[in-house]
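*Asks:* Below are the structure tokens for one structure; questions will follow.
The values are calculated or read from the model by the stated rules, or taken from the named source; none is laboratory data. What you are looking at is a predicted structure, and each value in this text was computed from that prediction instead of being measured. Neighbour counts are summed over all protein chains in view; Cβ atoms, including those assigned to glycine, are modelled from backbone coordinates with ideal geometry. Protein only, heavy atoms only, side chains kept; ligands, DNA and RNA dropped before computing areas. Shrake-Rupley method; radii C 1.70, N 1.55, O 1.52, S 1.80 Å.
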Amino acid sequence: KFYGDKIITDDSTVRSETSLRLLEAANAHFMNSATPEVYKYLMEERGLELDTIENHRFGYDDGSLYKHLISLGFQKDEIDSSGLIRKNNTDFLKGCITIPYITNGQVVAIRGKVIGGKYMTPPGNSARLYNTDSLLNATDVVVCEGEFDSIVVEQMGYAAVGVPGANVWQSNWDNY
């Protein structure tokens, strides 16, 4: 964009305004639900600083998302389409640290990480690079495997993006 290049978009990542508002509301709820155990894990096990955790808006899904979104006036079909809620109205990411994918300052997707366990991607979400906002004004970038590794590298002063898994690289990311 800054060198006159066409901005690359992926049609599968386009979301409606309602969907984006829902993701922002969900992520705010997750941030407010983060426990001391979550902060301890992120700081001690992952090496993240407190302002990094806050700036990247990590949180925790305590299982109360559906009720919260309904209380905000979101419709069941809107909530269902996010992938954050299962058919039985339970949270897909319950018990996970939440990792918002932020593009141009806007939450566009949310993944989860079980402390000491696996990563969770809600159904209907396509793979995307994590932390692409770090590319703005960057001349060099470090590509990492995983969200947390990219954030640690960013803390060291480098622009860094994370690939959500070693075998997930997509050819359309070559031109970022």
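*Asks:* Among the candidates Tyr60, Tyr66, Tyr39, single out the residue that is surrounded by fewer than 18 Cβ atoms within 10 Å (Cβ to Cβ), without any contact (Cβ under 8 Å) to a residue 60 or more places away in the chain and hydroxyl-bearing (Ser, Thr, Tyr).
*Replies:* Details: Tyr60 fails: surrounded by fewer than 18 Cβ atoms within 10 Å (Cβ to Cβ); Tyr66 fails: surrounded by fewer than 18 Cβ atoms within 10 Å (Cβ to Cβ).
So the residue among Tyr60, Tyr66, Tyr39 that is surrounded by fewer than 18 Cβ atoms within 10 Å (Cβ to Cβ), without any contact (Cβ under 8 Å) to a residue 60 or more places away in the chain and hydroxyl-bearing (Ser, Thr, Tyr) is Tyr39.
*Asks:* Inspect the range 103-112 for any residue being of a type in the set (A, V, I, L, M) and either free of Cβ contacts under 8 Å to residues at least 60 places away in the same chain or loosely packed, with under 15 Cβ neighbours inside 10 Å (or both) and give the result as yes or no. Lay out the reasoning, then the answer.
*Replies:* Start the filter on the range 103-112 by keeping residues that are of a type in the set (A, V, I, L, M), which leaves 107-110.
If we keep only those that are either free of Cβ contacts under 8 Å to residues at least 60 places away in the same chain or loosely packed, with under 15 Cβ neighbours inside 10 Å (or both) as well, we get none.
No, the range 103-112 contains no residue that is of a type in the set (A, V, I, L, M) and either free of Cβ contacts under 8 Å to residues at least 60 places away in the same chain or loosely packed, with under 15 Cβ neighbours inside 10 Å (or both).
*Asks:* Looking for whichever is open to solvent by 30 Å² or more (accessible area, probe 1.4 Å), touching a strand residue (DSSP E or B) at 6+ places or on another chain (Cβ under 7 Å) and not small (Gly, Ala, Ser) here; the options are Thr132, Thr139, Thr121. Which one fits?
*Replies:* Thr121
*Asks:* Restricting to the range 69-102, give me the number of residues that are open to solvent by 50 Å² or more (accessible area, probe 1.4 Å) and assigned to a helix (DSSP H, G or I).
*Replies:* Result for the range 69-102: 7.
*Asks:* Now for a separate question. Can Thr52 be described as more than 27 Å from Gln170 (Cβ to Cβ) and touching a residue at least 24 places away in the same chain (Cβ under 8 Å)? Break it down into steps so the answer makes sense when it comes.
*Replies:* Details: more than 27 Å from Gln170 (Cβ to Cβ): no; touching a residue at least 24 places away in the same chain (Cβ under 8 Å): yes.
It is false that Thr52 is more than 27 Å from Gln170 (Cβ to Cβ) and touching a residue at least 24 places away in the same chain (Cβ under 8 Å).
*Asks:* Within the range 152-167, take every residue that is of a type in the set (Val, Ile, Thr) and open to solvent by 20 Å² or more (accessible area, probe 1.4 Å) and give me the one that is nearest to Met120 (Cα to Cα).
*Replies:* Of all residues in the range 152-167, those of a type in the set (Val, Ile, Thr) come to 152-153, 161, 163.
Okay, now just the ones that are also open to solvent by 20 Å² or more (accessible area, probe 1.4 Å), so 152-153.
On the way: Val152: 20, Val153: 22 Å.
Going through the qualifying residues, I end up with Val152.
*Asks:* Moving to a separate point now. Could you check the range 8-23 and list, in sequence order, the residues that are at pLDDT 50 or above and either closer than 20 Å to Ser134 by Cβ or open to solvent by 100 Å² or more (accessible area, probe 1.4 Å) (or both)?
*Replies:* If we filter the range 8-23 for residues that are at pLDDT 50 or above, which is where we start, we get 14-23.
If the condition is that a residue be at pLDDT 50 or above and either closer than 20 Å to Ser134 by Cβ or open to solvent by 100 Å² or more (accessible area, probe 1.4 Å) (or both), then Val14, Glu17, Arg21, Leu23 are the ones that fit.
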